[in-house]
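For reference, the structure discussed in these notes is given below.
The values are calculated or read from the model by the stated rules, or taken from the named source; none is laboratory data. Only a predicted model underlies this, so the values are computations on that prediction, with no experimental measurement involved. Positions of Cβ are generated from backbone atoms using ideal geometry, with glycine treated the same way; all protein chains shown enter the neighbour counts.
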Amino acid sequence: MKPVSPEILALAGLWTLLLDAILAGLLLLILIDRIAPPQDLPWKPFSLNQPIGLATAGKLSRIASNPAACRAALRDGGLTVVDQPVKDDGFCSTRDTVRASGKLSPAAPVMTCPMALRYALWERQVVAPAARERLGQAVVRVDHLGTYACRTIYGRPGERPSEHARANALDIAGFRLADGGRITVARDFRRETDEGRFVRAVRDGACRVFGVVLSPDYNAAHADHLHLNPARYSLCR
């Protein structure tokens, strides 16, 4: 038998190491798939009932680009979703908008489906647990100041269109509690009370869900509300 050259032996050893590494990687992937929370794995389906995890932001971005998937995610979460007619008025539009059930008051405002999905996630996975932990009770209503408004930023002529001009933003004014109490951004945001810490906690939690979150810490125009919108850039104050 012809002796095997050192080069072939070295190549065979390299292939063996490579196959061992691939096998180890596959076993590790299987283990991660079985034990890691689904919200941390990008290949697992999104659910409104999952806490916010490592892969949530990427899943939201993918769903936002697919109107059918967005509506399916809302309905799978147990929400009633009603599509809204498209209205175009100059730079203003209500494209890809829905009315979705939830705790908002006034109820079911018109907003883009991606905005509705992010709001529903924030309501369930940020507001609800923060209320239990900091207030010892549930939030039964979330008061808002509106979603759609055909205007520029701050309503100033010549400014760029506001996200409200596309029903792609929501202004949160306060929260109503199970015991009948009410928390407002205007009154409670800066207080060193359980209510104040709750408002600041849900503001901070919103920054994990929305691209832009503006609060009284941003400027005087936001002294009485939290502005939320799913922008592609990040601004949290």
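Would you pick out the residues in the range 201-223 that are crowded, with 20+ Cβ neighbours inside 10 Å and closer than 18 Å to ARG132 by Cα?
VAL202, ARG203, ALA206
Given the range 1-119, what helices (runs of 4 or more DSSP H) lie entirely inside it while holding 3 or more residues that are exposed (fewer than 11 other Cβ atoms within 10 Å of the Cβ) and not charged (D, E, K, R)?
Qualifying helices (runs of 4 or more DSSP H): 6-35.
Against the condition at pLDDT below 95, among the basic types (Lys, Arg), more than 18 Å from the chain's Cα centre (by Cα) and surrounded by fewer than 18 Cβ atoms within 10 Å (Cβ to Cβ), how does ARG182 come out, does it pass?
Spelling it out, it is not the case that ARG182 is at pLDDT below 95, among the basic types (Lys, Arg), more than 18 Å from the chain's Cα centre (by Cα) and surrounded by fewer than 18 Cβ atoms within 10 Å (Cβ to Cβ).
Kindly indicate the residue of the range 63-77 that is in contact (Cβ under 8 Å) with a residue 12 or more places away in the chain and of a type outside the set (Asp, Glu) and also farthest from ASN168 (Cα to Cα) among those meeting that condition.
Among them, the one singled out is GLY77.
Give ARG75, ARG95 a once-over and let me know the one that is within 20 Å of the chain's Cα centre (by Cα) and within 30 Å of ILE153 (Cβ to Cβ).
Result: ARG95 is the single residue among ARG75, ARG95 that is within 20 Å of the chain's Cα centre (by Cα) and within 30 Å of ILE153 (Cβ to Cβ).
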